[in-house]
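Read through the structure below, which is laid out as structure tokens, and then see the notes.
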Amino acid sequence: MKRIAIFASGSGSNYENIIQHILDDKITTIEVVSVYTDNHEAFVIERARKYNTPVNVFEYATFDNKIMYEKALIKQLEEEKIEWIVLAGYMRLIGETLLEAYEGRIINIHPSLLPSFPGKNAASQALQYGVKYTGATVHFVDSGMDTGKIIDQMICPVDDNDTDETLQQRIHTLEYELYPRVINNIIK
Ligand code: GRF
């Protein structure tokens with residue numbers, strides 16, 4: 001069993017989905033040791049409370065710079081003996097300090113078929129562009145914005161009458177299948 005931390009800045013539905021899969025014995029290779037968030041108001045904190053997952057809040061603004069911020073993260077990650085980091089809606093680029101410490105052991109999920117539509121609001125970018133299919137991607141994390149090596153993807157159609165919300169919901173449904181699958185395949 002690998003000891004993992006989930007990094008999230010927002011709602012945390014992917015966190016909860018991963019926990020549910022563990023409880024249902026559908027993910028068997030990992031133990032979620034803790035959640036890390038950079039936002040003390042993130043709903044993921046409520047979700048983590050429900051499942052008794054410890055939460056580490058590291059507000060970026062309380063550090064002098066990114067290096068100091070990431071050094072503090074690494075200290076806590078090492079104390080918790082974290083082996084892999086799973087990003088699930090973590091809204092910060094990972095810097096060189098953390099990358100060096102966890103090289104090849106950080107993965108991210110993104111709500112588009114990368115390399116299309118990196119960055120924020122991927123579903124609305126896809127709608128605006130008028131693509132007929134989009135999806136979700138899990139990739140290794142490097143120093144770029146959603147640029148690391150792709151591990152797996154899933155596809156869904158874009159409907160003519162989709163709104164940002166309906167498309168996001170469809171992509172989320174893919175994510176709930178894709179991320180557990182990748183975790184089982186990659187983290188062991
Ligand atoms: C997901 O769409 C994920 O792909 C992106 O951020 C969103 C997080 O959703 N990186 P949630 O917080 O897990 O509900």
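The values are calculated or read from the model by the stated rules, or taken from the named source; none is laboratory data. Computed from a predicted structure; not experimentally measured. When we count neighbours, we look across all protein chains shown, and the Cβ atoms used for this are built from the backbone with ideal geometry, even at glycine.
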A careful count of residues in segment 113-129 that are in contact (Cβ under 8 Å) with a residue 40 or more places away in the chain, of a type outside the set (A, V, I, L, M, F, W, C) and surrounded by 15 or more Cβ atoms within 10 Å (Cβ to Cβ) gives 1
Which members of segment 32-60 meet the condition of being farther than 25 Å from G95 by Cα and either away from the ligand (no atom under 15 Å from the Cβ) or among the charged types (D, E, K, R) (or both)? E46, R47, R49, K50, N52
For segment 164-183, name all the residues that are surrounded by 16 or more Cβ atoms within 10 Å (Cβ to Cβ) and either on the phi > 0 side of the Ramachandran plot or of a type in the set (S, T, N, Q) (or both). Q168
Could you check how many residues of segment 57-69 are under 17 Å from the mean Cα position of the chain (by Cα) and crowded, with 16+ Cβ neighbours inside 10 Å? 1
Just the residues that are in contact with a helix residue (DSSP H, G or I) (Cβ under 8 Å, 6 or more places away or on another chain) and without any contact (Cβ under 8 Å) to a residue 40 or more places away in the chain, please, taken from segment 85-111. T97, L98, A101, Y102, I106, H110
Per the filter on segment 130-163, residues over 23 Å from A5 (Cβ atoms) and surrounded by 15 or more Cβ atoms within 10 Å (Cβ to Cβ) are V131, T134, G135, Q153, M154, C156, V158, D162
What number of residues within segment 14-30 are surrounded by fewer than 17 Cβ atoms within 10 Å (Cβ to Cβ) and either within 13 Å of the chain's Cα centre (by Cα) or away from the ligand (no atom under 16 Å from the Cβ) (or both)? 6
Selection from segment 95-116 of residues that are aliphatic (A, V, I, L, M), more than 8 Å from the ligand (Cβ to nearest atom) and touching a Leu at 6+ places or on another chain (Cβ under 8 Å): L98, A101, I106, I107
Kindly establish whether D159 is modelled with pLDDT of 95 or more and assigned to a strand (DSSP E or B). no
Any chance segment 167-187 includes a residue that's away from the ligand (no atom under 12 Å from the Cβ) and part of a loop (DSSP other than H, G, I, E, B)? yes
Selection from segment 133-156 of residues that are within 12 Å of the ligand (Cβ to nearest atom) and either of a type in the set (A, V, I, L, M) or outside any strand (DSSP E or B) (or both): A136, V138, V141, M145, D146, M154
